[in-house]
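Visitor: Below is the structure I would like to discuss, written out as C-alpha cells.
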Amino acid sequence: MTRTHPPRPHRLVLIAAAVVLVIGIVLLFTPWDGLIPVLAWVLIVASIALGAITLFFSRAPRS
C-alpha cells in the first residue's frame with residue numbers, strides 16, 4: 001500500500017529542538033555575563049515547549 005500523504009517533518013523539528021536545547025545549556029556555562037544567561041534560559045524553555053508541542057501534534061489522531 002502506498003502512502004497518500006507526505007511524511008510530516010516532526011523528526012526534523014525534534015532534532016532542531018534538541019540542538020537549540022544543547023546551545024542553551026552550553027550558553028549557561030559560558031563565562032559571559034549580561035543577557036547571555038537570559039538568552040540561554042529562553043532557548044531552553046523554547047526548545048522544551050517546541051518539543052512538547054511537536055510530540056503532541058505528531059501523536060494526535062488525524063481527522
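The values are calculated or read from the model by the stated rules, or taken from the named source; none is laboratory data. Predicted model, so just to flag it, every value in this text is computed and none were measured. Backbone-built Cβ (ideal geometry, glycine too); neighbour counts: all protein chains shown. Note: areas computed on protein heavy atoms with side chains; ligands, DNA, RNA excluded. Shrake-Rupley method; radii C 1.70, N 1.55, O 1.52, S 1.80 Å.
Visitor: Can you tell me how many residues within segment 33-51 are under 19 Å from Val19 (Cβ atoms) and open to solvent by 60 Å² or more (accessible area, probe 1.4 Å)?
Guide: 6
Visitor: Sort out which residues of segment 23-58 are closer than 17 Å to His10 by Cβ, without any contact (Cβ under 8 Å) to a residue 12 or more places away in the chain and aliphatic (A, V, I, L, M), and write them in order of number.
Guide: Selection gives Ala49, Ala52, Ile53.
Visitor: Show the residue pairs that are 6+ apart or on different chains and have beta-carbon atoms under 6 Å apart, the first residue being within segment 3-22 and at positive phi, the second being at pLDDT 75 or above.
Guide: none
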